[in-house]
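The values are calculated or read from the model by the stated rules, or taken from the named source; none is laboratory data. Fair warning: this is a prediction, and the values are worked out from it, not measured in the lab. No Cβ is skipped: glycine too gets one built from the backbone with ideal geometry, and neighbour counts run over all protein chains shown.
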Amino acid sequence: MDRCVVLVDAGYLLGAAASLLAGEPARSRITVDHAALIRGLRERAEADTQQPLLRIYWFDGAPDRVPQPEHRRLRVMPRVTVRLGALTRSDGRWAQKGVDAAMHAELTELARNRACSDVVLVTGDGDLLPGLMSAKEHGVAVHLWAVQAADGDYNQSEDLVAEADERRVLDRAWITQAVQPKETGGICAPPPAPRPEIAAILSAPLPEAALAASAERASEARSAAAADGAAPSPEQSAATDRPAHAGKGVPTPKDLAGSLRGPGAQPDRHLPQPSPAGATLRWSSDKSWTDRGGPLGEPAETASLPTLAQLTSAEQRWADREEDITTVGGDPFEVGQVFARRWMERLPETVHLQKLSTMYPRIPHRIDGELLRYAARFGLLAHKDDQIDEHDRYAIRAGFWREIDVRAAAEHTPAAERTPPSAG
């Protein structure tokens, strides 16, 4: 059959493009215009083979083989078929499983059935060599494409290169038509103005550091008391008995509030200094708050705020899914903006927006949980504990507040004078 087929190893294509443009093979370091990339592959394949395109097969890995946003966008494009292998994490690195086997099976099946006269392979893995040789034996011309290597050397199996009928290099000029490096190195939120309460949270020591500092001060206090022959003071005893922050990572506002403003607590040079009187350390969710009222322990001022699910009809839900597939890129900041935009557009009364604006930077727990569940659809889970990465959570909530602030400014609310946080 006089037509061509393109088989793309997405891990190779995008990883090599990232190495070329950003200096490392992490796909998070680049942005990809998938529509432009598919169009470029089709035009280049038809020009090189002098045959019309039958189909582009896109082979990639995904956690539990669940399609990610880019896969959902790709598989609805004309003449594109997505085949997914598993994506597993080992020794801190992600690895594809089953992609090579799927490419081998597709290649040999196409050749055996004489479905095409020419096959374009965009890959560098030598495991595909038997499939390439089998295709040649069935009379198929094999075109092997490489992505220009960052160091100018080969980034493909030498045996694979030797067996191919035709070879081409996708150079930097061709790659940059659809792929660009991220200037911010993957941090997508715009530079925000500093927020004192968030700066206090982020500048606090990690639990291990806080515990070590506390133990060191307690030891010094005991040594000083022993040298003087005096009993330790109540403050020294409190320092000795002070518990470490629970868990790992950044201390919660509740932890800091207890350290900074506990009854009779003294200023601690190892922790941020207390905020002015009346100030409150806030987080993006009220989940850890103990001072609650309203039904089921929910603060009374947030109980009346509707969730996006309550505001969304079945028709809107279908349209949202279509937009998620075809338009939303999955960038954490963008995800927060999209969620906030939909929530605001469907509010029956602007009083809800005004009420939410006064709660900045704390997102009510019901809405915050719904926001993070929505973000999880875009593959933002860390896949270790099924939790979204901490910095991605900050960017998601920053995007949410940026969109709220834009609308609130238009409504002449106090939020017009605020800028969204880098963490929340």
Checklist entry - So residue 270 clears everything in (1) over 30 Å from residue 31 (Cα atoms); (2) surrounded by fewer than 17 Cβ atoms within 10 Å (Cβ to Cβ); (3) modelled with pLDDT of 85 or more except one condition, right? Which one? => result (3)
Next on the checklist: Checking the conditions here, which among 37, 41, 84 is at pLDDT 95 or above and closer than 27 Å to residue 320 by Cα?
Outcome noted: 37
Next on the checklist: When you scan segment 301-318, do you find a residue that is at pLDDT below 85 and either surrounded by 16 or more Cβ atoms within 10 Å (Cβ to Cβ) or in the same structural domain as residue 27 (by TED's automatic domain parsing) (or both), even just one?
Outcome noted: yes
Checklist outcome for this item: When segment 343-377 is checked residue by residue, the ones that are in contact with an Asp or Glu (Cβ under 9 Å, 6 or more places away or on another chain), among the basic types (Lys, Arg) and within 25 Å of residue 329 (Cα to Cα) are 366, 377
Checklist entry - Does segment 146-158 contain at least one residue that is exposed (fewer than 14 other Cβ atoms within 10 Å of the Cβ), in the same structural domain as residue 36 (by TED's automatic domain parsing) and within 26 Å of the chain's Cα centre (by Cα)? => result no
Item to check | Identity of the residue in segment 101-143, surrounded by 15 or more Cβ atoms within 10 Å (Cβ to Cβ) and of a type in the set (S, T, N, Q), that ends up farthest from residue 160 (Cα to Cα) | outcome: 117
